2 protein chains.
Amino acid sequence: MSVRRTNSQKQILSLLKQLQGEINAQDLYVKLRERGETLGLATVYRGLKALKLEGTIQERVSPTGESFYSLISKDHQHHLNCVGCGRSLSLDICPIEQQLIELCQAKNFQIFYHTLEFFGLCHACQNQQPN
Amino acid sequence: MSVRRTNSQKQILSLLKQLQGEINAQDLYVKLRERGETLGLATVYRGLKALKLEGTIQERVSPTGESFYSLISKDHQHHLNCVGCGRSLSLDICPIEQQLIELCQAKNFQIFYHTLEFFGLCHACQNQQPN
DNA sequence: TATTATAATGATAATCATTACAACATAAAG
DNA sequence: CTTTATGTTGTAATGATTATCATTATAATA
């Protein structure tokens with residue numbers, strides 16, 4: 001209910017809108033400081049958490065354990081992730097039908113977004129010895 | 001090509017088969033020690049990495065940044081994850097068609113597995129103040 | 001079998017994103 | 001203008017994972 005939007009949350013949202021992509025908390029912090037804002041790193045994390053709970057932004061945890069944040073948008077992307085080099089390739093398709101989402105809602109869940117990721121070896125990593 | 005399987009890798013695989021579920025590296029280490037094995041924690045991490053590169057096991061990074069490992073199996077599961085309490089509910093459906101996977105292979109990617117996760121608020125978390 | 005090269009291992013230190021904490025600031029309410 | 005709750009900051013603590021390096025096991029070769 002409390003749609004109180006603190007100043008730091010506004011700043012975070014503003015930057016995310018401008019970016020139109022995903023970014024991690026630390027880089028977000030640096031960019032905001034570059035803008036002249038004076039907020040602290042802890043506040044950035046707290047703001048991101050609040051926005052996530054509101055369903056305004058989404059979080060993707062990378063294989064390195066680092067979180068990336070972005071606005072939730074209709075034209076989201078999924079990825080092919082290489083377990084060898086860690087790089088990922090964007091896909092422009094999404095097989096998740098509205099029908100499936102409604103099925104989830106039926107379980108009393110309020111769905112904000114979904115993630116679909118494929119894992120395997122990219123061409124380069126297939127043709128070389130591990131390690 | 002080198003399908004050399006070290007002793008520690010065998011032990012890790014053996015435990016994962018017995019478990020039939022996912023486990024993090026630290027717990028895996030403890031369980032192996034309880035079995036009487038004498039391997040070190042670093043070796044567990046190394047073994048998991050090697051098995052992952054082989055396409056034998058899969059890794060799921062939790063929102064806390066912790067990794068969970070399990071055997072890759074046909075009857076995998078997807079989840080509804082609550083961004084509030086962090087709990088997740090298993091789904092028994094998977095909308096990913098073989099056709100889609102072949103499309104990925106066409107991009108020179110060798111797919112081992114995929115993950116599909118929904119995020120939102122569970123019933124309990126919808127009806128309470130944040131924080 | 002003895003020798004040598006290569007890979008695996010274990011203990012521990014280093015790394016790094018995130019969270020906890022305590023002091024201070026701000027705003028809302030009476 | 002106090003009181004009270006909430007937001008914010010910098011810093012220390014946390015905790016999983018990775019790097020390091022000396023040691024040991026394994027494989028390849030003579």
Cross-link reach list, lysines versus A:Lys52, counting only Cα pairs under 21 Å and skipping chain neighbours closer than eight places: A:Lys10, A:Lys17, A:Lys31, A:Lys74, A:Lys107
task: For each cysteine in chain A, check whether another cysteine's C-beta sits under 4.7 Å from its C-beta; list those where none does.
output: A:Cys85, A:Cys94, A:Cys104, A:Cys125
field: Unit charges at the beta carbon, dipole of chain A: most positive-side option, A:Gln98, A:Gln126, A:Thr38
entry: A:Thr38
Mean Cα-pair separation over length for chain B, i.e. relative contact order, pairs under 8 Å, 6 or more apart, %: 20 percent
- prompt: Under the definition of Cα pairs under 8 Å and six or more residues apart, what whole-number percent is the relative contact order of segment B:1-73?
  reply: 35 percent
- prompt: Within chain B, what percent of beta bridges assigned by DSSP are antiparallel, to the nearest 5?
  reply: 75 percent
field: For chain A, the longest site-free run once trypsin sites (Lys or Arg not before Pro) in DSSP loop states with at most 13 other Cβ atoms within 10 Å are removed
entry: A:36-73
query: Tell me: how much accessible area in total is hidden between B and A, 1.4 Å probe, Å², nearest 100?
result: 3800 Å²
- line: In Å², rounded to a whole number, the accessible area per residue of segment B:1-73 with probe 1.4 Å is 57 Å²
- prompt: Taking chain A as a Gaussian network, where each spring joins two C-alpha atoms under 10 Å apart, which residue of A:Cys82, A:Cys104, A:Cys94 fluctuates the most?
  reply: A:Cys104
- line: Placing each pseudo-label 7 Å from Cα in the direction of the beta carbon, A:Gln26 and A:Thr38 end up separated by a distance in nanometres of 2.6 nm
task: Subtract the Cα-Cα distance of A:Phe68 and A:Leu103 from 0.36 nm times their separation in residues, and report this length gain in nm to one decimal.
output: 9.9 nm
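Return the carbon/sulfur percentage of the accessible area of chain B, one whole number, probe 1.4 Å, all protein chains in place. Mind dumping the intermediate values first?
Working: 3610 of 7700 Å².
Solvent-exposed carbon and sulfur of chain B make up 47 percent of the total.
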statement: In nm², the average projected area of the convex hull spanned by the Cα atoms of segment B:5-131 is 10.1 nm²
message: As an exercise, take the mean of 1/r over every pair of distinct alpha carbons in segment B:1-53, invert it, and state the Kirkwood radius in angstroms.
response: 11.2 Å
message: In Å, what Kirkwood hydrodynamic radius results for segment A:65-131 from the alpha-carbon pair distances?
response: 14.4 Å
query: Put a point 7 Å out from Cα along the line to Cβ at B:Lys49; what are the distances to that point in the other copies, in nm, shortest first?
result: 3.1
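The values are calculated or read from the model by the stated rules, or taken from the named source; none is laboratory data. None of the values given here were measured: they were computed from a predicted structure. Don't worry about glycine lacking a Cβ; one is built from the backbone with ideal geometry, like all the others, and counts go over all protein chains shown. The accessibility values were calculated without ligands, DNA or RNA, using every heavy atom of the protein model including side chains. Shrake-Rupley method; radii C 1.70, N 1.55, O 1.52, S 1.80 Å.
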